[in-house]
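> Structure in structure tokens, see below.
The values are calculated or read from the model by the stated rules, or taken from the named source; none is laboratory data. As the structure is a computational prediction, the values presented were derived from the model and not from experiment. Using ideal geometry, Cβ is built from the backbone for each residue, glycine included, and neighbour counts are taken over all protein chains shown. Each accessible area value is taken on the protein alone, full model and side chains, heavy atoms only, with ligands, DNA and RNA left out. Shrake-Rupley method; radii C 1.70, N 1.55, O 1.52, S 1.80 Å.
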Amino acid sequence: DLRDSVNVEIIDKDVVTKIKTTSGVVQSSLWNALEEDIFRDLLVDKMEDALSWSVNFYTVQAGDKFKLIYEEKYIDDEPAGIGRVFGAYYENEKPHYAVYYKNEGYKGFYDLEGRPTKKGFLKTPVKASRISSRYNMNRFHPILKRRRPHLGTDYAAGYGTPIRAVGNGVIEIVSYTRSNGKYIKMRHDNVYQTQYLHMSKFAKGMKRGVKVSQGQTIGYVGSTGLATGPHVCFRFWKNGRQIDHLRENFPPPDPMKEEELPKFNIVKDEIKFELDRIKVKGAESLTILNEEVENAKLLAENLK
């Protein structure tokens with residue numbers, strides 16, 4: 001209240017959570033397939049998070065199908081945000097499922113066999129980006145105007161887009177060179193290292209010896225060094241040799257313990273049943289039918 005003097009009052013409003021579903025068929029991109037949903041950016045992000053290693057969302061094809069069960073939050077009957085995702089489904093060459101499961105020892109998304117859908121490394125260092133140049137031993141350099149090996153993968157994104165560490169590790173180099181621009185190199189274990197080039201700036205606290213976790217922001221997209229536009233050149237080392245990470249077969253994560261599977265299977269079967277009964281309808285958002293509301297509430301209770 002700016003009359004007379006400045007007065008501030010904090011008002012807590014009730015947040016109503018509803019379980020909703022969405023589904024669609026990809027025509028050009030997953031983002032466009034959700035164009036009628038006001039939270040499409042968040043939904044794409046949530047789906048990528050759930051299916052981060054089983055589906056490559058940077059090479060989606062027309063005709064791919066998807067389904068999602070999630071929470072949508074309302075304040076004063078107006079949509080106010082997205083909550084938890086309970087289950088995700090994506091079908092390209094084959095169907096992929098992700099089920100959210102949480103208890104004292106586990107938390108996250110799992111496939112139908114109880115394996116975490118996230119592996120040791122994320123597929124990409126930048127969300128909502130596109131591959132502008134692939135690993136190529138005979139690429140024509142757009143600035144140097146000559147052919148030279150391109151030992152990385154370029155992901156184009158807007159200036160300032162967060163760059164995330166693809167895995168847990170320790171920062172080895174935070175530096176600048178004429179070719180790389182501002183860049184960070186990190187070690188993940190005795191086998192793998194990664195490097196992130198052409199940053200506009202480093203994230204706060206990034207320096208040699210700092211431990212970072214998978215998904216943590218380490219810098220921001222720019223075009224420093226030899227770059228024609230904003231992107232991150234992502235480089236991957238295996239035993240000291242640069243490789244094409246998109247062709248690397250990383251070992252699968254360990255499944256949950258055998259004694260946990262019976263509890264997990266109860267949740268998995270229920271969520272898979274709900275996903276399978278969703279009818280895919282173009283880009284149209286769906287809500288659970290009135291007669292299904294009680295089932296949806298029961299599902300939410302089981303997942304608390």
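> Within 15 Å, Cβ to Cβ, of residue 240, how many net charges do the neighbouring residues add up to if Lys/Arg are +1 and Asp/Glu are -1? All intermediate terms of the calculation are to be shown ahead of the outcome.
Numbers: positive: 185, 187, 235, 238, 241; negative: 172, 189, 248.
With Lys, Arg at +1 and Asp, Glu at -1, the neighbours total +2.
> Here is a follow-up. Taking the Cβ-Cβ separation of residue 123 and residue 65 as r and a Förster radius of 22 Å, what is the calculated FRET efficiency to the nearest 0.05? Provide the component values of the computation, followed by the final result.
Details: r = 20 Å, r/R0 = 0.92.
Here the calculated transfer efficiency is 0.60.
> Placing one identical point scatterer on every Cα of region 30-81 and ignoring solvent, what is log10 I(q)/I(0) from the Debye formula at q = 0.16, 0.19, 0.20 Å⁻¹?
-0.52, -0.70, -0.76
> What spacing in nm lies between the two simple spin-label points modelled at residue 201 and residue 223, each 7 Å away from Cα in the Cβ direction?
1.9
> Based on the Cα gyration tensor of region 169-268, what are the three equivalent ellipsoid semi-axes, each the root of five times an eigenvalue, rounded to whole Å and given largest first?
On the way: eigenvalues 218, 48, 40 Å².
Output for region 169-268: semi-axes of 33, 16, 14 Å.
> While we're looking at this one, here's another question. How about residue 207: which lysines have a C-alpha closer than 19 Å to its C-alpha, ignoring those fewer than 8 places off in the same chain?
Those lysines meeting the cut-off are 182, 185.
> Cross-link partners among aspartates and glutamates for residue 211, C-alpha distance below 13 Å, same-chain residues fewer than 8 apart left out?
By straight Cα distance, residue 211 reaches 172, 189.
> So which of 46/119; 102/238; 127/257; 118/263; 119/268 end up more than 26 Å apart by C-alpha? Working shown, then result.
Details: 46/119 16 Å; 102/238 33 Å; 127/257 31 Å; 118/263 20 Å; 119/268 20 Å.
Table pairs above 26 Å Cα-Cα are 102/238; 127/257.
> Something else about it: Whenever you get a sec, line up 109, 66 from highest to lowest accessible area (probe 1.4 Å, protein heavy atoms).
Details: 109 30, 66 0 Å².
I get 109, 66, largest accessible area first.
> Now a separate question. Using a Förster distance of 25 angstrom, determine the FRET efficiency expected from the C-beta separation of residue 12 and residue 84, and round it to 0.05.
Rounded to the nearest 0.05, the efficiency is 0.75.
> Quick check: residue separation of residue 273 and residue 247 times 0.36 nm, minus the Cα distance between them. What number comes out in nm?
Details: separation 26, 0.36 × 26 = 9.36 nm, distance 3.36 nm.
This chain segment gains 6.0 nm when fully extended.
> Something else now. Could you order the peptides 171-181, 256-266 from most to least packed, using the average number of other C-beta atoms within 10 Å per residue?
Working: 171-181: 15.3, 256-266: 12.8.
Final packing ranking: 171-181, 256-266.
> When the C-alpha atoms of region 1-128 are aligned to their principal axes, what extent does each axis show, in angstrom, from largest down?
Ordered largest first, region 1-128 gives principal extents of 65, 40, 29 Å.
> Another question about this same structure. Output the relative contact order of region 174-233, whole-number percent, from Cα pairs under 8 angstrom with separation of 6+ residues.
Values: 108 pairs, mean separation 21.4, N = 60.
Taking the mean separation of contacting Cα pairs over the length of region 174-233, I get 36 percent.
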